[in-house]
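Data block below; observations after.
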Amino acid sequence: MSESAESVWIFGGDQTLIALVFLQTADVAFTLLHSLQERHGRLWRYFGAIAGVKIPDGFGDVVFFGGLTVALWVVGLFGITGAVAWQSPLAFGCLGALVGCRLSDSLFSHVLLNRKGFRPNPGLASVPLYVIESLVLVIVFYPTMLAHSLAVLIGFVIGALAFYLVIPGLRMAGPLLFEPIQPWRKGDPQPEW
């Protein structure tokens, strides 16, 4: 470690291993729970219906469930453990990206779409865990976020954009990759296929 633990997070150096195991385990568990809820509700069909494309279940399982779950685990590992153990700009950026992903996913993939009438929203039930995790990470890693604010901010923006751009990206590129369908209108029941 290039800096003392006290300058990285609020726990200092005494309880580093215990705190890391707790934070990393919670991150992995929240990601898995949320991803399983989205898989059960076939989030790719939900997004596809809103964007006006029919995303096949095989593709959705691989990309929206498997790929996204693993990607979030990797970002969480580099962000949480990396900020303490490696203390590199990449680790600080991943920490910001994790918070950006959590908040953007919660807001743009779940809360706002649900409020617009696109119901039922797969994964909405675990959104409070994502928001709580984001707040805990900001509090716990406040010293890092303050000292390495540029790296954290760049990561945050990248993480936030990753989820903000899902529906617009599917609207633009989706018809080139998937079968176009009539887009789901707000307030109507979710289309079946």
**Q.** For the chain: rounded, prolate or oblate by the Cα gyration tensor [a/c cutoff 1.5]
**A.** prolate
Q) Heavy-atom accessible area per residue, the chain, 1.4 Å probe: how many Å²? A) 51
Q. Mind checking which of Gly159, Gly60, Gly169 has the largest fluctuation in a GNM of the chain, springs on alpha carbons under 10 Å?
A. Gly169
Q | Accessible carbon and sulfur surface of the stretch 3-96 relative to its total accessible area, %, 1.4 Å | A | 74
Q) Can you list the trypsin sites (Lys or Arg not before Pro) in the stretch 120-189 that are in a DSSP coil and have 12 or fewer other beta carbons within 10 angstrom? A) Arg185, Lys186
Q: Figure the gain on full extension for Ala71 and Asp57 (residue separation times 0.36 nm, minus the Cα-Cα span) and round it to one decimal in nm.
A: 3.1 nm
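The values are calculated or read from the model by the stated rules, or taken from the named source; none is laboratory data. In this text, all values refer to a predicted model and were calculated from it rather than measured experimentally. We place every Cβ from the backbone using ideal geometry, glycine too, and count neighbours over all the protein chains shown. When the accessible area is computed, the model is the full protein with side chains, heavy atoms only, and any ligands, DNA or RNA have been set aside. Shrake-Rupley method; radii C 1.70, N 1.55, O 1.52, S 1.80 Å.
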